[in-house]
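Asker: Just dropping this structure here.
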Amino acid sequence: MIGAAILSYILHTAAGFPKDPQTVQTFKDWRNRAGMSAITTPLFAVVIEMFIGFTGTSVANCVSLVPFF
């Protein structure tokens with residue numbers, strides 16, 4: 001999650017340097033993918049943790065996929 005946010009920032013900055021439009025678009029595509037990963041990864045972890053909790057097993061008490069929730 002943190003790595004994806006950093007990668008998104010680096011690719012956002014790198015997209016301003018090349019002059020070739022295809023290279024710029026490639027950087028922007030990767031930037032958008034990294035940004036989407038930074039957003040969806042913690043949401044997906046919360047959903048998985050909720051599903052584990054719905055089963056009623058004690059695994060949900062032992063495992064915290066998202067430590068800040």
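Asker: Any residue at all in segment 39-61 that is surrounded by 14 or more Cβ atoms within 10 Å (Cβ to Cβ), in contact with an Asp or Glu (Cβ under 8 Å, 6 or more places away or on another chain) and at pLDDT below 75?
Answerer: yes
Asker: Right, here's the next one. What about MET1, is it hydrophobic (A, V, I, L, M, F, W, C) and at pLDDT 75 or above? Before you say what the answer is, go through the steps one by one.
Answerer: On the way: hydrophobic (A, V, I, L, M, F, W, C): yes; at pLDDT 75 or above: no.
No, not satisfied.
The values are calculated or read from the model by the stated rules, or taken from the named source; none is laboratory data. Remember, it's a predicted structure, so these values are computed and weren't measured experimentally. Heads up, the Cβs are rebuilt from the backbone with ideal geometry, glycines too, and the neighbour counts pull from every protein chain shown.
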